[in-house]
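The next block holds one structure in the form of C-alpha cells; read it before the comments.
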Amino acid sequence: MAVPLMAIAQGGMKALQGVADYQNAKQKAKALKQNAEAKRLEAKDTRVAGYQQGDKQRERGEQFKGSQRAQLGASGVDINSGTAGQIQEDTARLSEYDARVIENNALRQAWGLESDAAMLEYEAKAVKKQAKISAFSSILGVASSAGQGYQDWQQSKVPQSTSFGSTPNADFGNRYMPR
C-alpha cells in the first residue's frame with residue numbers, strides 16, 4: 001500500500017497556506033510602517049504650521065498694538081505712560097498668550113500623531129511576530145501530519161494480529177506437550 005496521498009496533499013496545502021499567510025502578514029506590516037512614517041511626517045508638518053501660525057498671531061498683535069498707538073497719539077495722549085502704556089502692555093501680553101496657545105495646540109496635535117505612529121509601529125511588529133509564530137505552527141502541523149501519515153502507512157503494511165486460538169499452530173501445546 002502506498003503512502004496516503006491525501007495526507008501528503010493536505011500537508012502541502014497547509015504549507016502553502018502558511019507561506020501565503022506569512023507573506024500577507026509581511027505586506028500588512030510594511031503598510032503599517034508606511035502609515036506610521038506618514039503620521040510622523042504629518043506630526044512634523046503640524047509642529048511647523050503651529051509655529052508659523054503663532055508667529056502670524058504675534059504679527060497681528062503688533063499690528064493691533066500699532067493701531068492702538070496711532071489712535072492714542074491722535075487723541076493727544078502720552079502713549080508711553082499711564083493707561084495708554086498699560087493698554088499696549090496688555091495687548092502685547094495677550095497677543096503672546098494667543099500665539100503660545102496656538103503653538104501648544106499644534107504641539108499637542110503633533111504628539112497625538114506621534115502616538116498614533118508609535119502604535120502603528122507596535123502593531124507592525126506584532127503582526128510580523130504573529131506571522132512567524134503562525135508559520136512555525138504551520139511547519140509543525142505539516143510535520144505532524146506527515147509523521148501521522150507515515151505511521152498510518154507503516155501500520156497498514158503489518159498484518160493485523162489475531163487471537164492465539166485462530167492461528168494455525170494454536171494446538172501446538174496440546175499435541176507436543178506431555179500430559
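The values are calculated or read from the model by the stated rules, or taken from the named source; none is laboratory data. Just so we're clear, the structure is a prediction, and the values are computed from it rather than from any experiment. Counting neighbours? That spans all protein chains shown, and the Cβs are built from the backbone with ideal geometry, glycine included. For accessibility, only protein heavy atoms count, side chains too; no ligands or nucleic acids. Shrake-Rupley method; radii C 1.70, N 1.55, O 1.52, S 1.80 Å.
As a size descriptor, the averaged projected area of the C-alpha convex hull of segment 17-107 was calculated at 6.6 nm².
Taking all protein chains in place and a 1.4 Å probe, what share, in percent, of the accessible surface of segment 1-114 do carbon and sulfur account for? The C+S portion of the solvent-accessible surface of segment 1-114 is 56 percent. Computed from label points 7 Å out along Cα-Cβ, the spacing between TYR51 and ASP21 is 4.8 nm.
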